[in-house]
1. With N set to the residue count of the range 62-129, report its C-alpha Rg divided by 2.2 N^0.38 Å to two decimal places.
2. When ranked by the protection proxy of mean other Cβ atoms within 10 Å per residue, highest first, what sequence do the peptides 178-188, 54-64, 148-158 form?
3. Whole-Hz ³J(HN,Hα) for each residue in the range 76-86, computed from phi via Karplus 6.51 cos²θ - 1.76 cosθ + 1.60 with θ = phi - 60°, x for glycine and proline: what do you get?
4. So what J values fall out for the range 102-110 if you push phi through Karplus, 6.51 cos²θ - 1.76 cosθ + 1.60 with θ = phi - 60°, rounded to Hz, Gly and Pro as x?
5. Give the long-range amide H neighbours of Leu225: residues separated by 5 or more places, or on another chain, with amide H under 5 Å away, using H modelled in the peptide plane at 1.01 Å from N.
6. How large is the Rg to Rh ratio of the range 105-185 when both quantities use alpha carbon positions and Rh follows Kirkwood?
7. For the range 55-214, take every pair of Cα atoms, bin their distances at 10 Å starting from 0, and report each bin as a whole percent.
8. Using only the Cα atoms, work out Rg/Rh for the range 210-266, with Rh taken as the Kirkwood radius, to two decimals.
Amino acid sequence: MKKLFATVMVMSLTAALVGCGSSSSSEAAAPAESTDAAVEEEAVVEEESKGTLIMATNAEFPPYEYHEGDAIIGIDAEIAEAIATKLGYDFMIEDMLFDSIIPAVTSGKASFGMAGMTVTEERMQSVDFSDSYATGVQVVIVAEGSAITSVDDLFADDASYGIGVQTGTTGDLYATWDLEDAGLATIDRYNKGADAVQALIAGKLDCVIIDNEPAKEFVAATEGLAILDSEYAVEEYAIAFAKDSELTEEVNGALQELIADGTVAAIIDKYISAE
Ligand code: ARG
């Protein structure tokens with residue numbers, strides 16, 4: 001962040017210099033040299049990046065962010081890159097545990113967190129959020145033929161299911177508060193949603209609570225799994241910033257423009273085929 005600020009400072013100084021150069025060159029007595037200097041300064045301004053936007057994410061969440069070969073791609077990666085390009089920043093992705101994203105943002109190691117991250121009251125205690133750019137639904141994945149046929153079954157008086165979640169996600173938080181704390185379930189927490197799904201396939205769990213889009217991808221890739229029709233929770237995804245960061249308004253402004261001009265919808269369409 002310090003580096004970013006320094007670069008921005010240099011930028012505005014350079015801009016100020018350009019301003020001086022052109023105003024003096026407009027004076028009749030201004031030597032030709034100073035016009036050249038102004039042109040050179042302008043070229044520098046055009047080439048110079050404002051710095052690097054670092055996006056903290058957890059690339060285990062298709063179609064929002066996932067690995068393809070050496071690259072991390074997906075809806076969030078593309079939207080963030082479009083924002084960086086629009087604003088004149090270089091762009092980088094830092095892959096980490098989902099749990100580490102908010103700490104990376106609040107400590108300034110990352111410029112923002114973008115990870116299909118749900119806006120919650122608790123998270124708003126430590127970060128600021130952009131406008132929402134997508135809706136997510138917490139759904140329940142079961143083995144075909146499971147005794148669990150609706151979300152309500154998880155809340156039955158005598159329920160005692162084994163539930164898999166990705167650590168620190170809203171699926172984890174809800175299952176913990178609603179079910180584990182009420183003595184209705186045992187929660188197994190995994191670093192990757194895909195690992196929870198593997199445990200379900202192996203018969204170690206009764207269900208997995210996870211966001212709908214990765215759920216669809218995981219279920220499509222495996223025989224014998226199904227997503228319950230009933231929804232556990234409907235949520236909004238947004239970009240997380242350090243509290244009172246100067247970036248929030250700038251990035252959110254670019255996001256709003258990319259939503260308004262259809263870029264965000266086009267990126268989402270590219271990764272999620274309309275049903
Ligand atoms: N929407 C959920 C949440 O905010 C899950 C997000 C998980 N994202 C990821 N990239 N692994 O907790």
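FYI, it's all coordinate maths here, none of it is from the lab. As the structure is a computational prediction, the values presented were derived from the model and not from experiment. As a convention, Cβ positions derive from the backbone with ideal geometry for all residues, glycine included, and neighbour counts pool all protein chains shown.
1. Values: Rg = 12.4 Å, N = 68, 2.2 N^0.38 = 10.9 Å.
With N residues counted in the range 62-129, Rg over 2.2 N^0.38 Å equals 1.13.
2. 54-64, 178-188, 148-158
3. Computed from phi, the couplings for the range 76-86 are 5, 4, 6, 5, 5, 5, 4, 5, 4, 4, 4 Hz.
4. So the J values, rounded to whole Hz, are 5, x, 5, 6, 5, 7, x, 5, 10.
5. For Leu225, the qualifying residues are Glu144.
6. Radius of gyration relative to Kirkwood radius: 1.05.
7. In order of increasing distance, the bins hold 10, 37, 32, 16, 4, 0 percent.
8. Details: Rg = 16.7 Å, Rh = 14.6 Å.
Checking Rg against Rh, the ratio lands at 1.15.
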